Structure formats: C-alpha cells, structure tokens
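Asks: This is the structure, below, for whatever I ask next.
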Amino acid sequence: MATKKAAKTAKTAMDCVKIARDAKRPHVWDFINGICDDFEELHGDRLVNDDAGMVAGFGTVTGGGAEYKVLVLGHHKGASVEENMASNFGMVNPDGYRKAMRLAKLAERFRNPIVTFVDTPGAYPGREAEERGQAEAIAKSLEFFAGLRTPVVVVVTGEGGSGGALAIAVGDKVLMMENAVYSVISPEGCAGILWRDGAKAPEAAEALKITAPDLLRLGAIDEIVKEPAGGAHKNGRAAVAAVKKSVLAALKELVKLPPDELVERRYAKIRAYGNFYK
Amino acid sequence: MGWFEPKAEKPKIPPAKALWAICPKCKSHMDKAVWKKNNCICPKCNYHGRLSARERIAQVADEGTFAEVFREVSYSDHLKFHDATGDYKSKVEATIAKTGENESVVMGTCEIGGHKAMLGVMDFAFMGGSLGSGTGERIARACEQAIAERRPLVIFSASGGARMHEGILSLMQMAKTSAAIGRLKDAGLPYISVLTDPTTGGVSASYAMLGDINVTEPKALIGFAGRRVIENTIHQKLPDDFQSAEYLEKHGFIDKIVERAEMKAFIAKMLG
C-alpha cells in the first residue's frame, strides 16, 4: 500500500471514467464555439432523419497565421435534460453516421479538412437503430473514412465508447484529452460479462487499459492533450484552448500532404494497429 | 418426518443435452446422429446450426484446393488480461487445445466451383468467434494477397464481436479490416460476405456488413447490440424474429437467404 499522499494523487482508471463522464466537462458545442469563428450547423442524412446525437457543420478555424475552412463532426450528449433526451445522451443512430458521411463526402470534394469530437457512451442500442442498420452504418463509416481524400483530425474529448466512437474516429491524427477514456466496451459492460457483476467495473476499467497514457503506449492514439489542473471540468475555457492549439498544429501538418500520400499514410497507420504473434 | 431419517438419494438423470441434440431455436429434441446427419440443420424449423471452420471449408471449397495461409499469425496477450474467472492466456490456450485452431478465422486460397477465391471462415468455438488482433491481421493480409493474386474474397462470419480481452486493439481491428476491404473493392475485386449464426457486435459493424453481396442462412442471428441490452434501453419487448436473417432481409441489409445445401453453388454463381 502506498503512502496516503501517493494514494490520493494516483488516479485509477475508474477515476478517469468518472471525470470523462462529468457533465461539467466541455461538450461538443463548447469546442465548436471555442474553436470555430463562424460555425454553421447542417442537418439530416437525406434518407430518413436528422440525428441530434451527431452535430455536423462547417466553420473556420483561425490561428498561427493560418485559416482553415473545416467540417466539424461531433457526438452531442447535450447540456440539459431536454437536450440529453433529444440526442439520446450522445448515442448515435445510423442516421447520424450517415449524416456524417454525407457531409464528409462534401468536405472531400472541396478539400476541406475534417475535425471530429468523440464523446459517446456508444452507438444507440434501439429497435429502429437495428432496423435501419446500425451495424452497416458503422461498418460503412470505417471503410469510408479510411479512404477519404481529405485530412481528418480526431479529438477524443470524453467517452470513446466502442464502435459508436470509432465510426467518427478513423483519421490521420488521433488526439485524446488527458482524462478522456476510449474502450472496446464500457467497464460496466465488461464487468457484467467477464466478472458477472457490473459492480466490478473498476477492475474491468483497469484491465481494459482505457486511459490516454495506456492508449498512447498501445499505439491507438497519436497525442495526449494536457488538461488544466484538476481536469477540463474545472476550467473549460483553458481546456478548449489547449485542444484548439493541438488541432491547429495537426491541420498545419496535414493540409500540406497531397491526397494520395495522405490516404497512403492513413492506411499504413490503420494497418499497423494490433499486437499478435507472427 | 424425523430428524435422523436417511434421505433417499436423488436418482442421477443425465442432462437432456447429453442424450439429445436440442435445436437452439425451436427447442425440439432429436437424436444427435439425426442432427449431425442433417448437417446441423433442424429438421423441424430449418434453423441452420453452427459448423466448425473446417466443416464449413469442406462444404464450400472444391475438394483438395484449400491451402491455408497466415497460420503463423495468432493471438497475443499483450494486456496480460485477467478477470474473475482466470486469465486470457489460459482461456485461449485451452481453446487452441480444444479446437485445433489458433485464431478465430481460418484463411486460405481455394477454388469454389472452379473459380479461384480467397476464403476466410470464422469458428464460433474459438473464443466466441471474437475479433482479436490476430483475426484482424489475417483478414487484412487476406485482402492484400487477394489483390496481388486477383482473387475475389469470401468470408463466412460467426462472432459475438470484438475480443475485449485485447482491449482497444481489438476495437481497432474493426477499422483495420474495414480499411483493407475498402482497398480490395477499389482494386476492382468482389467481396462476398456470408453472415452465419451468430454475427453480432464489432464483426457485424465492420467487415461482415461490408459485402458487395451479403448473404446468410435461414434463422441466423445478425445484429449490432444484444437483445437484452436493447430491451433494457427501450423498455419494450422485441418481436421474436428481431435480428433474424429473415428480419434483416426484410429491412434491406441482406441480399439473399441461402440454404446450406445451396451455398456453394450460390457463391460459385456470383463468382462466375
């Protein structure tokens, strides 16, 4: 057992999960308003719906002597109970992923870089979601973003919940905020299956390796964005500013690459994911 | 009844499943030999039961043409993962001993009805057919070899989803396999995905749903989220045929439901 002081400062994986889910953490609109000058939200998948759980639109990011017209995509958890309900707490339906792809296709046509903000408990597990092809929508997103001929910068800001997160997290540069988490399954879900007891979530969180430093070590992300002392929920403005700085640096590097090279680099990066005996 | 009366011992009745084959869909009991002889298809309800990867390969590939590839690629316990019931390494080693396979997909080149193909078959008996780093690597390599040798790709899926014992890197296999499939299609090659019972979670949400042709077998379970998770979320009872092959066909995500006996001929026709 460590000393009392050490125990107090050492953050467990479950502590991170709690911080990542904190309602006071900056949400997608805080990032959009703090990073873009003139954001214009656009709606609908042109098929059946407009999913409020997925925000999409164009805006300008200015800084470091440069200006980028970008497409922003992000999970919308909502800042009030009404918003939470309307957006399913950021759990996206197939329509949301199809809206994201529709607008990403438009961004590609005009070489607009794409910035995505990832914060979702997971894709929505609902009846209509299944009937409209949740699995197909996620699968198609993965295939689509892997081959997209325009830069994609991903920021995991809160909860990176499994396939529902990954669907907008395939990109050229994957940034992750210091206290965000990103996992194949929620700690509660994993504990329920492998421990047969949802209350063992802290053990599952530890075993799954879902914190930013772990994911950097495993090669699943590219860079950690430091948060203000105590976490982003203590100083949202500073947290958003830090993310903006990292996004600008990523855009500066990526917009220089010709599309062919960009796509090759992205494929090589995705292709390298994994750890197996050979 | 007195305190010290000897208690009669319960007669030992072997569990029903030791004596009978029980159809998981309609629960009808039959002689195990009948189930096997009928190719693991229920004679009552036509549910197409699970086959091992080797059984499936024998039924699909032309005799003597299947040449396995990438067997050197296998699982790794890079997280030293352990849960309440033990560690991942012992579980997967036990699975290897039991099944004779060392990953959840068996990959190889073959001919199907005289047409050359790259064939991958998942085995649900291997860790629930879960998608691990080794599985993803075999599929990505298969796409690349298929492009190099101009072979169409055929994958039979059977999986509960991503292998959580491998943490985030199992999730990343969804991206890796989907990206590789995208390249195969860009190279002008067709991909036939056969979603067999069950195909769910991270596998349905990646390569299994990306077929140029998506086919399945009668009564197969195909979906993203689990039935219980959905019922607990929406507080409603779901219809009995929810997430069945027939339901998916009705909703437009499956090209055709093909009987097991017709599967090889169907694939050969698509490749021809």
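The values are calculated or read from the model by the stated rules, or taken from the named source; none is laboratory data. This is a predicted model, so every value here is computed, not measured. Here the Cβ positions follow ideal geometry from the backbone for every residue, glycine too, while neighbour counts run over all protein chains shown. Keep in mind that these areas ignore ligands, DNA and RNA; they rest on the heavy atoms of the full protein, side chains included. Shrake-Rupley method; radii C 1.70, N 1.55, O 1.52, S 1.80 Å.
Asks: Any residue in the stretch A:237-255 that's closer than 21 Å to residue A:148 by Cβ: show its pairings with residues that are among the β-branched types (Val, Ile, Thr) and buried (at least 20 other Cβ atoms within 10 Å of the Cβ) at Cβ separation under 6 Å, as long as the two are six or more apart or on different chains.
Replies: A:246/A:225; A:247/A:115; A:247/A:153; A:250/A:153
Asks: Another question, if that's okay. Tell me which residues, restricted to the stretch A:46-102, are in contact with a strand residue (DSSP E or B) (Cβ under 9 Å, 6 or more places away or on another chain) and small (Gly, Ala, Ser).
Replies: Matches in the stretch A:46-102: A:53, A:56, A:57, A:59, A:74, A:87, A:90, A:96, A:100.
Asks: Go through the stretch A:70-177 and tell me which strands (runs of 3 or more DSSP E), entirely inside it, have 1 or more residues that are within 14 Å of chain B (Cβ to nearest Cβ) and touching a His at 6+ places or on another chain (Cβ under 6 Å).
Replies: Once the strands (runs of 3 or more DSSP E) in the stretch A:70-177 are filtered for at least 1 residues that are within 14 Å of chain B (Cβ to nearest Cβ) and touching a His at 6+ places or on another chain (Cβ under 6 Å), what remains is A:114-120.
Asks: Where in the stretch B:1-83 are the strands (runs of 3 or more DSSP E), entirely inside, with at least 1 residues that are open to solvent by 80 Å² or more (accessible area, probe 1.4 Å), at pLDDT below 95 and not polar (S, T, N, Q)?
Replies: In the stretch B:1-83, the matching strands (runs of 3 or more DSSP E) lie at B:20-22, B:29-31.
Asks: Same structure again: Within the stretch B:48-79, work out how many residues are within 14 Å of chain A (Cβ to nearest Cβ), over 11 Å from residue B:120 (Cβ atoms) and either touching a strand residue (DSSP E or B) at 6+ places or on another chain (Cβ under 6 Å) or of a type in the set (Phe, Trp, Tyr) (or both).
Replies: Counting residues in the stretch B:48-79 that are within 14 Å of chain A (Cβ to nearest Cβ), over 11 Å from residue B:120 (Cβ atoms) and either touching a strand residue (DSSP E or B) at 6+ places or on another chain (Cβ under 6 Å) or of a type in the set (Phe, Trp, Tyr) (or both) gives 3.
Asks: Still on this structure, I have one more. Out of the residues in the stretch B:210-243 meeting the condition of being assigned to a strand (DSSP E or B) and in contact (Cβ under 8 Å) with a residue 40 or more places away in the chain, tell me which one is surrounded by the fewest Cβ atoms within 10 Å (Cβ to Cβ).
Replies: Among those that are assigned to a strand (DSSP E or B) and in contact (Cβ under 8 Å) with a residue 40 or more places away in the chain, it is B:213.
Asks: Out of all the residues in the stretch A:208-230, which are out of contact with any strand residue (DSSP E or B) (no Cβ under 9 Å at 6 or more places or on another chain) and either surrounded by 15 or more Cβ atoms within 10 Å (Cβ to Cβ) or part of a helix (DSSP H, G or I) (or both)?
Replies: Of the residues in the stretch A:208-230, the ones out of contact with any strand residue (DSSP E or B) (no Cβ under 9 Å at 6 or more places or on another chain) are A:214, A:217-219, A:228-230.
Matches in the stretch A:208-230: A:214, A:217, A:218, A:219, A:228.
Asks: Are any residues in the stretch B:121-173 aromatic (Phe, Trp, Tyr) and either at the interface with chain A (Cβ under 9 Å from one of its Cβ atoms) or open to solvent by 10 Å² or more (accessible area, probe 1.4 Å) (or both), and if so, which ones?
Replies: B:124
Quick grid of which residues meet (1) more than 18 Å from the chain's Cα centre (by Cα); (2) at negative phi:
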| position | (1), (2) |
| --- | --- |
| A:28 | no, yes |
| A:31 | no, yes |
| A:44 | yes, no |
| A:49 | yes, yes |
| A:55 | no, yes |
| A:63 | yes, no |
| A:71 | no, yes |
| A:78 | no, no |
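Asks: Which residues, taken from the stretch A:193-208, are facing chain B (nearest Cβ under 10 Å) and free of Cβ contacts under 8 Å to residues at least 24 places away in the same chain?
Replies: Hits for the stretch A:193-208 are A:193, A:194, A:195, A:196, A:197, A:200, A:203, A:204, A:207.
Asks: Further question: Hey, could you check the stretch A:161-187 for residues that are open to solvent by 20 Å² or more (accessible area, probe 1.4 Å) and within 16 Å of residue B:161 (Cβ to Cβ) and say which is nearest to the chain's Cα centre (by Cα)?
Replies: Among them, the one singled out is A:162.
Asks: All but one of (1) touching a Cys at 6+ places or on another chain (Cβ under 8 Å); (2) open to solvent by less than 20 Å² (accessible area, probe 1.4 Å); (3) not small (Gly, Ala, Ser) hold for residue B:191, so report the exception by its number.
Replies: Residue B:191 satisfies all of (1) touching a Cys at 6+ places or on another chain (Cβ under 8 Å); (2) open to solvent by less than 20 Å² (accessible area, probe 1.4 Å); (3) not small (Gly, Ala, Ser) except (1).
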